[in-house]
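In what follows, a structure is listed as structure tokens, so that the remarks can point back to it.
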Amino acid sequence: MITMKEIYKHLMRIFIEILVLFLAAFAVQAENGHELWLRKHNVNPMNVVCSENSPTVNIAHQELQKGWQGKTGETIVLSIKSDKSIQGDGYKLDASGVQANTELGILYGVYELLRRQHTDQPIIDEVSNPSYERRILDHWDNLDGTVERGYAGYSIFWRQGKDSLAVTERDKLLWQEYARANASVGINGSVLNNVNASPKILKIEFLKRVKAIADVLRPYGIKIYLSINFSSPVMLGGLKTSDPLDAKVITWWKTKIKEIYSLIPDVGGFLVKANSEGQPGPQDFGRTHAEGANMMADALKPYGGIVMWRAFVYSPKERDRARQSYDEFIPLDGQFRDNVIIQVKNSPVDFQPREPFSPLFGAMKKTSIMAELQITQEYLGQSNQLVYLLTMWEEFLQSDTYQEGTGSTVARCTDGSIFPQKYTAIAGVANIGLDTNWCGHHFAQANWYAFGRLAWNNRLTSDKIADEWIRLTFSRQQTNHSKTWNDNDWEEHFLFPIKQMMLQSREAAVNYMMPLGLHHIFAGDHHYGPGPWYAPKGLRLDWTPPYYHQADTNGIGFDRTRTGSNAVNQYHEPLCSQFNKLETCPEIYLLWFHHLPWDYKMKNGRILWDELCYHYDNGVQQVHQFQKIWDNEKPYIDTQRFEEVQSKLRRHCRDAQIWKDGCLLYF
Ligand code: GCW
């Protein structure tokens, strides 16, 4: 006989089971991307042996216990022991544990070990050393909380309002999550404010907040840097001049720097945008970039600080903007202190979908030089378009400058393998904001991830990094449908198509925006949609698209050959002649270097105009294809991220069509 009590118990059990299922389903659907590539895992218990005890090593320890997917009960040894094969914060990894020269090396080794487990790669014996000593995110965050060229909400560091400088527990938690994500991919520096810098950053109340941020970031190995305004002595200090050779100005900077270091002893240094786009600089006082940078470098030197001095300079009077930073900086080669690094954008004009590499790479021989990449997609669809940037950065870093003969890639010209540099570094303009998913577009997270991985190892491929990111970011165990699948199924139907989509996405953007070497044809300062016609009266010519495409009834393209602006001459041979000659100029850079008639015959026999149409149309088709791929992935992905990406792709398709129609109708 079944009693009422048993029936009641049975019903309760069913109710609880349904509740659990419901909650589980909800939990699956509540994927919002905030965890980035650091998803929670069902872990196995394990042991860590480590004689050190410090905040950084403790993080390594906890990470192992939070993420361990190896055998239950296994023991991992973390040891700080110097070894000649390990450089800087590098590490040695094998199945028994991690060895490093520094605490940070231990942390990086642990993240690598876990990454291997989470991406199903074997733990092999390896020594891994960073390609660049400093791997830095540049935040273009303004002190009122807005972010210049930020497409993921307000700043995570600054805000507006009455209590804007009060440090809350929520702030600290967010900064810690940010620091952890960065450390997990090897990023070790953050510039906390916009290069269009407000002098206010050096006021004590702001410096106190900087200190609070630095305190949270420190255990994760992240140093902070500040962008400074060259006019600070006048604007903040009340001096009459900011002339870098003026004794009072020098003293002002020394005193300010002393104050900064007494508050935060491990500041990495300064980032400076000088005499560029209206920012003040040494040239306002008849001084050179070297004189300006050296004055600051001298003041920072006793504290181990460096100056990252940007080479992004151009003036409206010059005939070819692409030539200018080379023309201005080459004569200064050899004049900079050894704690100055010239920070050069990857390309001569400005982070366009495709440009050749900046000729400053491979030209400076007695000055340290570092690359600045743009992770935020200012010119690549912002947070609406799915564009995986690594293929672009790979193309850039692997470009041969021929500085010291064949094989002098940009990577090797910046990581100290060709000319020794006291400091090596690479920077990426961050795409991070207060949006729940940090980057505005779920796939934009891949660019943050990829930047860190590439900064650690500049030989990693786009394919490898995309593969890792997908495996870490999307779980194969979770689905909002009760369906399950095996690894092969997941790889074939999810991993491979998504990876292909990512790997093609930058080329697609080039196709529907600016194929064959076209560049900077946006309708205005938003840098989003097409506007090859955009030329308001009175606007600086080099801020209007016709300056760049030079299209008229006869033809299209910017003549930078020897008979044009002669920008080709800034490259070493054989590149210089290769770019100069039509027959040898790579077609991807054709209209960058040449002005050609519309009926110019391409290598494939088509005329230029037809080829342009073909590229624009191809770009649109590629994005349609991405949409189809994504639509098929519904069973493999949680609802929220599926729908959010689906909706972004809808917009992406419309944008691509608008680019094609806008440009082709105009041309
Ligand atoms: O590409 C331009 C951007 C500006 C930016 C500038 C720079 C921070 O449109 O917003 O200013 O580059 O890199 O300094």
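The values are calculated or read from the model by the stated rules, or taken from the named source; none is laboratory data. Quantities reported herein were computed from a predicted structural model and do not represent experimental measurements. No Cβ is skipped: glycine too gets one built from the backbone with ideal geometry, and neighbour counts run over all protein chains shown. What goes into the accessible areas is simple: the full protein's heavy atoms, side chains included, and nothing from ligands, DNA or RNA. Shrake-Rupley method; radii C 1.70, N 1.55, O 1.52, S 1.80 Å.
Below is a table of values for the structure above.
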item	result
Qualifying positions in segment 342-396 - of a type outside the set (S, T, N, Q), more than 16 Å from the ligand (Cβ to nearest atom) and under 13 Å from the mean Cα position of the chain (by Cα)	Val387, Tyr388, Leu390, Trp393, Glu394
Residue ID - farthest from Thr401 (Cα to Cα), chosen from residues in segment 311-336 that are away from the ligand (no atom under 13 Å from the Cβ) and in contact with a strand residue (DSSP E or B) (Cβ under 8 Å, 6 or more places away or on another chain)	Phe336
Per-region count, segment 325-350, residues open to solvent by less than 10 Å² (accessible area, probe 1.4 Å) and without any contact (Cβ under 8 Å) to a residue 40 or more places away in the chain	2
Hits in segment 242-268 (condition: within 20 Å of His139 (Cα to Cα) and not in a helix (DSSP H, G or I))	Ile264, Asp266, Val267, Gly268
Elements of type helices (runs of 4 or more DSSP H) contained in segment 537-593, each with 3 or more residues being open to solvent by less than 60 Å² (accessible area, probe 1.4 Å), more than 22 Å from Asp400 (Cβ to Cβ) and not β-branched (Val, Ile, Thr)	545-549
Within segment 55-128, strands (runs of 3 or more DSSP E) holding 2 or more residues that are modelled with pLDDT of 95 or more and either open to solvent by 30 Å² or more (accessible area, probe 1.4 Å) or of a type in the set (S, T, N, Q) (or both)	75-80, 91-94, 126-128
In segment 424-474, the residues that are among the aliphatic types (A, V, I, L, M), touching a Phe, Trp or Tyr at 6+ places or on another chain (Cβ under 8 Å) and more than 23 Å from His118 (Cα to Cα)	Ala425, Ile426, Val429, Ala430, Ile432, Leu434
Pairs, first in contact (Cβ under 8 Å) with a residue 12 or more places away in the chain in segment 56-78, second of a type in the set (Ser, Thr, Tyr), C-beta under 6 Å, six or more apart	Val77/Ser96
Total residues in segment 522-536, condition within 23 Å of the chain's Cα centre (by Cα), in a loop (DSSP other than H, G, I, E, B) and within 27 Å of Cys585 (Cβ to Cβ)	1
Residues that are under 20 Å from Lys40 (Cα atoms) and more than 27 Å from the chain's Cα centre (by Cα), drawn from segment 53-63	Asn58, His61, Gln62
Options Ala297, Ala247: the member that is within 27 Å of Glu205 (Cα to Cα), more than 16 Å from the ligand (Cβ to nearest atom), of a type in the set (Gly, Ala, Ser) and open to solvent by 10 Å² or more (accessible area, probe 1.4 Å)	Ala247
Residues of segment 192-241 classified as outside any helix (DSSP H, G or I) and within 27 Å of Glu372 (Cα to Cα), total	18
Number of positions in segment 136-164 that are open to solvent by less than 10 Å² (accessible area, probe 1.4 Å) and hydrophobic (A, V, I, L, M, F, W, C)	6
Residue that is farther than 20 Å from Phe579 by Cα and small (Gly, Ala, Ser), where the choices are Ser399, Ser368, Ser358	Ser368
Selection from segment 379-406 of residues that are open to solvent by 10 Å² or more (accessible area, probe 1.4 Å), part of a loop (DSSP other than H, G, I, E, B) and among the hydroxyl-bearing types (Ser, Thr, Tyr)	Ser383, Ser399, Tyr402, Thr406
Answer from Arg180, Arg218 - the residue that is under 20 Å from Tyr303 (Cβ atoms), in contact (Cβ under 8 Å) with a residue 60 or more places away in the chain and open to solvent by 20 Å² or more (accessible area, probe 1.4 Å)	Arg218
Residue within segment 464-481 that is out of contact with any Cys (no Cβ under 8 Å at 6 or more places or on another chain), touching a residue at least 40 places away in the same chain (Cβ under 8 Å), within 22 Å of Ser325 (Cβ to Cβ) and away from the ligand (no atom under 16 Å from the Cβ) present	no
Residue count for segment 571-611, restricted to those that are in contact (Cβ under 8 Å) with a residue 12 or more places away in the chain and in contact with a Cys (Cβ under 8 Å, 6 or more places away or on another chain)	3
Residue check, Phe558 among the aromatic types (Phe, Trp, Tyr) and over 26 Å from Leu664 (Cβ atoms)	no
Which numbered condition Ser276 misses (of (1) touching a strand residue (DSSP E or B) at 6+ places or on another chain (Cβ under 8 Å); (2) assigned to a loop (DSSP other than H, G, I, E, B); (3) more than 16 Å from the ligand (Cβ to nearest atom))	(3)
